[in-house]
Amino acid sequence: MRFVYVMDPMDRVLPDKDTTFAIQRAAERMGHASLHCTPRDVYVEGGDVWARVRPLHVGDLPPHFTLESAVDVRLADVDCVFIRKDPPFDAQYLYLTQLLEVVRGRTLVVNDPRGLRDANEKLYTLHFVRHMPKTLVASDRDRIHRWVSEVGTAVVKPLDGAGGSGVMVVSKGDRNSRSIVDYITAEGTRHAMVQEYLPAVRAGDKRVLLLDGEVLGAINRVPREDDVRSNIHVGGRVEPCSVTPDERAVVADLRPRLNADGLVFVGLDFIGGKLTEVNVTSPTGIQELSRHLGRDAAENVVDWVVRHVSPAAGTARLPP
């Protein structure tokens, strides 16, 4: 099969960490062809969506990847398009999802472009507020300060952040709180998410990877002693862990909505059993999970795609 990866340039990839690289490596090992492009390489001509792609080969040894000469392919003629562009979800990301609407029902797209537009990784969680810590979303700085005074300590996040960027802790009586809230809300002009601080984060922020609504596995990201953030990107330590029965119950509760929105490959974040984020744009952690499992979990992703694509026609077995 032929898979197109719409993503960042390959020279930004970390071969020992990036989930996209792991999927590409598994796909090549399983006999499938990988085609690389960036969002700017996707275009519409003659009423159909195309991409200027470069055949890609990856490996464990340096230089880790090679790219062949660019060719143009009609995306309706490939078997799967992986949208693996890293956040933020900006205007160009939005345009990409709208362009890919043209191949809806003809080529499998993971994750579904319509689902990506609907699922801001902070705000989408509000569909499942019953599983979340106490949460406020607001731009009004006075409202935020009053709320923080009530809960004592809170985590403030920009709605378009990723990898721990912009995540800060504010506390009642802390002289830095006003400056932090001013910064995150751009002086009251942008909404931010404010969540009750959960001390359990010192024991780890659990990432549960889902594939088609089923648990693929989990890793526990433990923050550095000198940081409140546990993201791998900012130095969080990764430990093996299991998914608790209560967390599996949350997954079961989310599954119908995720499936309806075409969100196939998803990362849920739990702190102390509370759901804090639903990551859908470019979920990470599969390489760390694979090392803990002793097998390549990326093969599960490739196998799922193969099973959900008709080998004869190359069309998705999903409703348009």
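The values are calculated or read from the model by the stated rules, or taken from the named source; none is laboratory data. This is a predicted model, so every value here is computed, not measured. Quick reminder, even Gly has a Cβ in these numbers, built from the backbone with ideal geometry, and neighbours come from all protein chains shown.
Brief remarks follow.
- When L275, L216, L211, L268 are checked against the criterion of being within 16 Å of the chain's Cα centre (by Cα), aliphatic (A, V, I, L, M) and surrounded by fewer than 22 Cβ atoms within 10 Å (Cβ to Cβ), a single residue qualifies: L211.
- Checking each residue in the stretch 85-120 for being over 24 Å from R2 (Cβ atoms) and not assigned by TED's automatic domain parsing to the domain that holds A51 picks out R117, D118, A119, N120.
- Test: S165 is closer than 24 Å to K134 by Cα, among the hydroxyl-bearing types (S, T, Y) and either touching a residue at least 60 places away in the same chain (Cβ under 8 Å) or part of a helix (DSSP H, G or I) (or both): no
- The stretch 232-249 - residue that is over 23 Å from V129 (Cβ atoms) and not in a helix (DSSP H, G or I) and, of those, modelled with the lowest pLDDT: G235
- Total residues in the stretch 250-280, condition basic (K, R) and in a strand (DSSP E or B): 1
- Residue match in the stretch 145-153 (condition: basic (K, R), surrounded by fewer than 16 Cβ atoms within 10 Å (Cβ to Cβ) and not in a loop (DSSP other than H, G, I, E, B)): yes
- Filter pass, T125 being of a type in the set (S, T, N, Q) and in a helix (DSSP H, G or I): yes
- Screening the candidates T185, T189 for the property of being in contact (Cβ under 8 Å) with a residue 40 or more places away in the chain, in contact with a strand residue (DSSP E or B) (Cβ under 6 Å, 6 or more places away or on another chain) and not assigned by TED's automatic domain parsing to the domain that holds P240 yields one hit, T185.
- When the stretch 113-131 is limited to residues that are touching a strand residue (DSSP E or B) at 6+ places or on another chain (Cβ under 8 Å) and surrounded by fewer than 16 Cβ atoms within 10 Å (Cβ to Cβ), the one that is nearest to V181 (Cα to Cα) turns out to be L123.
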